[in-house]
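Down below is the structure, laid out as structure tokens.
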Amino acid sequence: MSLWQQLPISHRYAELPQSFYTRVMPTPVDNPHWVTWNAPLAASFGLSETPDDLWLQIFSDGEVPDYFQPLAMKYAGHQFGVYNPALGDGRGLLFGAIADQQGRWFDVHLKGAGLTPYSRMGDGRAVLRSTIREYLCSEAMAALGNQTTRALGMMVSDTPVYRERVEQGALLIRLAETHIRFGHFEHFFYTGQHDDLRLLADKVIAWHFPELEPSSESPREPVYLAMFREVVKRTAEMIAFWQAYGFAHGVMNTDNMSILGQTFDYGPFAFLDDYDPHFICNHSDYQGRYAFDMQPGIGLWNLTALAKALTPLVDKAELEVVLQTYSVQLNLEYSRLLRSKLGLQQRRDEDSQLCDEMFRLMADNRVDYTLFFRRLSSLDHQPLETVTTLFENQDAAKQWLQQYLARCEQESDTVEQRCQSMRQVNPKYILRNYLAQQVIDAAEQGDFQPLEQLLTVLRAPYDEQPMYESYAEQPPAWGKCLEISCSS
């Protein structure tokens with residue numbers, strides 16, 4: 001008997017009207033087999049540290065046990081600013097939700113499960129390279145402290161997948177507190193299904209924001225407004241985290257925005273190597289709409305699109321008032337994170353000028369973003385040259401460092417205390433694109449050991465891990481110019 005059969009499984013989304021989804025069975029593949037399993041995550045749900053054969057059987061013969069009810073969600077969204085009504089789960093299926101040991105429910109979603117009514121011109125499959133990237137990045141982001149979807153396990157098959165070339169297919173088990181996107185609300189708004197829009201809002205509140213429910217019957221509009229206020233806050237905090245940790249999402253369409261403000265749908269993402277505020281990680285983003293420095297503004301654009309979808313439920317003027325809090329909340333959270341990265345507990349007026357000059361120097365000298373902050377965290381036992389050697393203009397860097405250290409003297413912490421706290425928020429290890437590519441190259445040759453080793457490193461990003469020192473080095477020249485697109 002599979003341990004999955006013994007878990008409490010909820011089908012709350014499947015209990016919604018059929019306008020929300022289409023029931024779909026997975027399409028079998030040839031010779032599915034496991035290549036990695038997230039044992040620590042599995043244990044938190046009461047699952048075995050090794051995967052059982054259940055999912056292999058499902059994708060071998062297409063037969064699904066009764067305790068699962070696979071479905072493909074229907075939604076819409078703005079893609080690169082253009083509304084697209086024809087979206088939905090085109091290659092993924094929601095099988096239900098399971099509870100972790102704290103009683104929190106998580107969707108069980110299979111990516112690469114086959115054709116659905118929303119596949120459009122696609123084949124319903126996922127390729128190995130993009131599946132590895134999502135697996136790695138979701139685990140890296142979780143270890144950094146970001147709210148994100150998680151990867152439970154990955155399978156591959158012998159069924160070929162046709163993209164620009166013939167590639168190996170893969171299947172990802174993804175867990176998330178929800179798969180409800182901004183685009184779900186947009187779908188019901190633009191199709192005039194306002195009763196379903198209201199039902200969706202009610203369910204999101206009941207499932208994810210129960211604290212917003214009034215103790216007695218009262219008008220619903222204030223509750224919907226409170227939900228939107230929470231979504232704005234969480235989205236602001238998510239993007240502040242991205243900016244502070246140098247993460248570029250790459251494809252911030254509204255159908256890729258979680259209603260819970262969790263990082264979602266990893267595609268052509270990248271962490272900054274050299275600091276470039278205008279960095280574009282998505283080779284398909286010809287206009288730079290989703291460039292690194294555009295992300296805060298796009299967050300507001302997407303929230304504005306969500307607000308429009310909520311106008312049948314909440315007065316437009318009230319929604320606009322809440323939207324105006326977004327930039328304030330994002331800036332406050334970003335400032336908090338940045339002060340933490342710099343070891344500054346107190347807020348002072350001169351800090352903004354100090355940070356502006358820091359970023360200007362980093363951009364002018366194309367300084368490695370992660371290495372800079374990590375080395376800044378080591379000045380309790382390393383000389384200034386540890387930092388200044390990252391800069392071409394070392395004199396300017398030294399001058400800034402002297403100003404920074406003078407500012408640090410105004411804090412109450414000792415140098416040792418400050419640097420210790422900084423090392424807890426400035427990672428030594430991030431998922432650099434070239435590291436992911438090396439893992440992909442090995443996996444495409446059937447070697448998954450580099451994947452497991454990189455996962456080990458990324459799950460402890462703030463630890464020294466001296467045996468893995470090479471993973472913390474600056475990327476080679478070829479590793480800084482990898483082109484990643486939406487193709488997956």
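The values are calculated or read from the model by the stated rules, or taken from the named source; none is laboratory data. Only a predicted model underlies this, so the values are computations on that prediction, with no experimental measurement involved. Cβ sites come from the backbone with ideal geometry, for glycine too, and all protein chains shown count toward neighbours.
Table: residues versus (1) part of a loop (DSSP other than H, G, I, E, B); (2) within 25 Å of Arg163 (Cα to Cα); (3) of a type in the set (S, T, N, Q).
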| residue | (1), (2), (3) |
| --- | --- |
| Glu452 | no, no, no |
| Leu455 | no, no, no |
| Glu464 | yes, no, no |
| Gln474 | yes, no, yes |
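Could you run through region 233-264 and say how many residues are part of a helix (DSSP H, G or I) and under 28 Å from Tyr275 (Cβ atoms)? Talk me through it step by step, then tell me what you get.
Step one: of region 233-264, the residues part of a helix (DSSP H, G or I) are 233-245, 254-256.
Add one more test, that the residue is under 28 Å from Tyr275 (Cβ atoms), and what stays is 233-245, 256.
Counting residues in region 233-264 that are part of a helix (DSSP H, G or I) and under 28 Å from Tyr275 (Cβ atoms) gives 14.
I'd like to check something: does region 277-288 contain any residue that is surrounded by 15 or more Cβ atoms within 10 Å (Cβ to Cβ), within 26 Å of Pro427 (Cβ to Cβ) and touching a Lys or Arg at 6+ places or on another chain (Cβ under 6 Å)?
Start the filter on region 277-288 by keeping residues that are surrounded by 15 or more Cβ atoms within 10 Å (Cβ to Cβ), which leaves 279-282, 284-285.
With within 26 Å of Pro427 (Cβ to Cβ) added as a condition, the list becomes 279-282, 285.
If we keep only those that are touching a Lys or Arg at 6+ places or on another chain (Cβ under 6 Å) as well, we get none.
No, there is no match, as no residue in region 277-288 is surrounded by 15 or more Cβ atoms within 10 Å (Cβ to Cβ), within 26 Å of Pro427 (Cβ to Cβ) and touching a Lys or Arg at 6+ places or on another chain (Cβ under 6 Å).
Just one of Asp447, Asp413 is farther than 30 Å from Gly288 by Cβ, modelled with pLDDT under 95, of a type outside the set (Phe, Trp, Tyr) and outside the structural domain of Arg91 (by TED's automatic domain parsing); which is it? I'd like the intermediate steps shown before the answer.
Numbers: Asp447 fails: modelled with pLDDT under 95.
Result: Asp413 is the single residue among Asp447, Asp413 that is farther than 30 Å from Gly288 by Cβ, modelled with pLDDT under 95, of a type outside the set (Phe, Trp, Tyr) and outside the structural domain of Arg91 (by TED's automatic domain parsing).
With the checklist (1) touching a residue at least 60 places away in the same chain (Cβ under 8 Å); (2) touching a helix residue (DSSP H, G or I) at 6+ places or on another chain (Cβ under 9 Å); (3) surrounded by fewer than 20 Cβ atoms within 10 Å (Cβ to Cβ) in hand, flag the one item Glu483 doesn't pass.
For Glu483, the exception is condition (2).
Test Asn365 against the criterion of being loosely packed, with under 15 Cβ neighbours inside 10 Å, at pLDDT 95 or above and under 27 Å from Ala248 (Cα atoms), and give yes or no.
Values: loosely packed, with under 15 Cβ neighbours inside 10 Å: no; at pLDDT 95 or above: yes; under 27 Å from Ala248 (Cα atoms): yes.
No, not satisfied.
So which residues in region 457-480 are in contact with a helix residue (DSSP H, G or I) (Cβ under 8 Å, 6 or more places away or on another chain) and not aliphatic (A, V, I, L, M), if there are any at all? Show your work before the answer.
Initial filter on region 457-480 (in contact with a helix residue (DSSP H, G or I) (Cβ under 8 Å, 6 or more places away or on another chain)): 457-462, 465, 468, 471-472, 474-476, 478-480.
The answer is Arg459, Pro461, Tyr462, Gln465, Tyr468, Tyr471, Gln474, Pro475, Pro476, Trp478, Gly479, Lys480.
Ser487 is checked against (1) small (Gly, Ala, Ser); (2) modelled with pLDDT under 95; (3) in a helix (DSSP H, G or I) and fails just one. What number does that condition carry?
Unmet for Ser487, out of (1) small (Gly, Ala, Ser); (2) modelled with pLDDT under 95; (3) in a helix (DSSP H, G or I): (3).
Which of the strands (runs of 3 or more DSSP E) found entirely inside region 20-126 contain at least 2 residues meeting this: exposed (fewer than 14 other Cβ atoms within 10 Å of the Cβ) and aliphatic (A, V, I, L, M)?
82-88
Kindly indicate whether any position in region 209-216 is modelled with pLDDT of 95 or more and either buried (at least 20 other Cβ atoms within 10 Å of the Cβ) or not assigned by TED's automatic domain parsing to the domain that holds Leu332 (or both). Spell out how you get there, then give the answer.
Step one: of region 209-216, the residues modelled with pLDDT of 95 or more are 209-212.
Now narrow it down to the ones that are either buried (at least 20 other Cβ atoms within 10 Å of the Cβ) or not assigned by TED's automatic domain parsing to the domain that holds Leu332 (or both): none.
No, the conditions are met nowhere in region 209-216.
Being surrounded by 18 or more Cβ atoms within 10 Å (Cβ to Cβ), aliphatic (A, V, I, L, M), assigned to a strand (DSSP E or B) and in contact with a helix residue (DSSP H, G or I) (Cβ under 8 Å, 6 or more places away or on another chain) is the requirement here; does Ala170 meet it? It would help to see each step written out before you state the result.
Details: surrounded by 18 or more Cβ atoms within 10 Å (Cβ to Cβ): yes; aliphatic (A, V, I, L, M): yes; assigned to a strand (DSSP E or B): yes; in contact with a helix residue (DSSP H, G or I) (Cβ under 8 Å, 6 or more places away or on another chain): yes.
Considered against the rule, which asks whether it is surrounded by 18 or more Cβ atoms within 10 Å (Cβ to Cβ), aliphatic (A, V, I, L, M), assigned to a strand (DSSP E or B) and in contact with a helix residue (DSSP H, G or I) (Cβ under 8 Å, 6 or more places away or on another chain), Ala170 comes out as yes.
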